[in-house]
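Everything on this sheet refers to the single structure shown next.
A short reminder: the numbers here are calculations on the coordinates, not readings from a lab. No experiment lies behind these values; they were computed from the predicted model shown. Quick reminder, even Gly has a Cβ in these numbers, built from the backbone with ideal geometry, and neighbours come from all protein chains shown.
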Amino acid sequence: MKDSAQTLVRDTAANVYQPYPASILEVKEETGDIKTFTLKFKDKEIQEGFTFRPGQFVLASLFNCGEAAFSICSSPTFSDYLQLSIKKVGLLTGEIHRYAEGDEIGLRGPYGNGFPLELLYGSNVLFVGGGIGLAPLRSLIQYLLSKRSEFGQITIFHGARTPGDIVFEKDLATWDKQEDVNVETTVYRSTPEWKGNVGPLTSLWEKATISPSNTKAIICGHPAIISYVFFDLLKMGFAEENIISTLERNMKCGVGKCGHCSIGSKLTCIHGPVFTYREMKELSSVS
């Protein structure tokens, strides 16, 4: 799947920097500052040939605003569309939050390596997502659930600042109803209506039985929080190669030319954004 995704870029785009117009099919408000956009390329041939691995990203562009990298948050098994969950943080994201069904944006990609699917088959999988960090994990969760018999127990931990900041609430509820899937959510600041867990992501460890010997941990979230997750997983006995995460960097070109996303000798847009903990230790700026 990785090879075919990169082939699409080479075969359909004479210029790898050229975005292709995509129509917005639906806009869903996840939280006060996060929206999920369902998109479809206007060119039928491009849409039909668009394939990707969970964990890969695209560059989304708006006229007069530039472009930015966003992880694809839908599964590659949904071939009629792709989804991007976008947090409003600046000029481009603020503008795209004004867009509605029927509007168009530019897309190019997919880029990056994606999650190592070949390492997950037959294993239990633990997902740990903080805030909007659940978006790239959602793509992989949906993919695993579409091939449920090929994976073991699936555990999903999600952390948010407040109950109002929980993303993909309907998805979380749906996943939790499936066999051999355990979903736990925690918030840092509670409200009178909240009946769930209160505390950091690491306070959820006691909510599930996790066996490091046959479990792969997939993590995404703010670095300040994820560093504590790494620490606890290593303390539990997880092997460094079984802890897998995505790194946030300023990815501009997507094809390894500009150097904005360099980490030591690596380029996030080419060698990442997915790395194992062992690989991250070897990067001079993430040790």
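Which FRET efficiency value, to the nearest 0.05, do you get for Thr191 and Lys28 by plugging their Cβ-Cβ distance into 1/(1 + (r/R0)^6) with R0 = 35 Å?
Using R0 = 35 Å, I get an efficiency of 0.95.
Taking 30 Å as the cut-off for C-alpha to C-alpha distance, list the pairs among Lys177/Lys252; Lys35/Lys177; Lys147/Lys257 that go past it.
Cα-Cα > 30 Å for Lys177/Lys252; Lys147/Lys257; rest within.
What relative contact order, as a whole-number percentage, does the range 2-111 give when Cα pairs under 8 Å and 6 or more residues apart are counted?
Computed over the range 2-111, the figure is 36 percent.
Hey, what did the range 117-246 get for relative contact order, percent, Cα under 8 Å, at least 6 apart?
29 percent
Could you work out how far helix 134-146 tilts from the main Cα principal axis of the chain, as a 0 to 90 degree angle to the nearest 10?
Tilt relative to the chain: about 80 degrees.
What is the dipole size for the chain, taken about its Cα centre, with +1 at each Lys and Arg Cβ and -1 at each Asp and Glu Cβ, in debye to the nearest 20?
Using Cβ point charges on Lys, Arg, Asp and Glu, the chain gives about 480 debye.
Straight-line reach from Lys235: which lysines have Cα under 21 Å away, leaving out those fewer than 8 places along the same chain?
Straight-line reach from Lys235, under 21 Å: Lys207, Lys216, Lys281.
With a cut-off of 8 Å between alpha carbons and a minimum separation of six or more residues, what is the relative contact order of the range 61-135 in percent?
Normalised by residue count, the contact order of the range 61-135 is 32 percent.
Taking the chain as a whole, which cysteines find no other cysteine Cβ under 4.7 angstrom from their Cβ?
Cysteines of the chain left without a disulfide-compatible partner: Cys65, Cys73, Cys220, Cys261, Cys269.
Looking at the chain, send over the antiparallel percent of its DSSP beta bridges, to the nearest 5.
The antiparallel proportion sits near 60 percent.
Rounded, prolate or oblate: which fits the range 189-230, taking a ≥ b ≥ c as square roots of the Cα gyration tensor eigenvalues, rounded meaning a/c under 1.5, else prolate when a/b beats b/c?
Here the range 189-230 falls in the oblate category.
Most exposed first by the Cβ proxy, i.e. fewest other Cβ within 10 Å, how do Arg161, Arg108 rank?
If I rank by nearby Cβ atoms, fewest first, I get Arg161, Arg108.
On a 0 to 90 degree scale, rounded to 10, what angle separates helix 223-236 from the longest Cα axis of the chain?
40 degrees
Based on other C-beta atoms within 10 Å, arrange Leu145, Leu62, Leu233 from fewest to most.
Ranking Leu145, Leu62, Leu233 by Cβ neighbours within 10 Å, fewest first, gives Leu145, Leu62, Leu233.
Rounding to the nearest 10 and keeping the result within 0 to 90°, find how far the Cα-based axis of helix 2-12 lies from the longest principal axis of the chain.
Once rounded, the angle reads 20 degrees.
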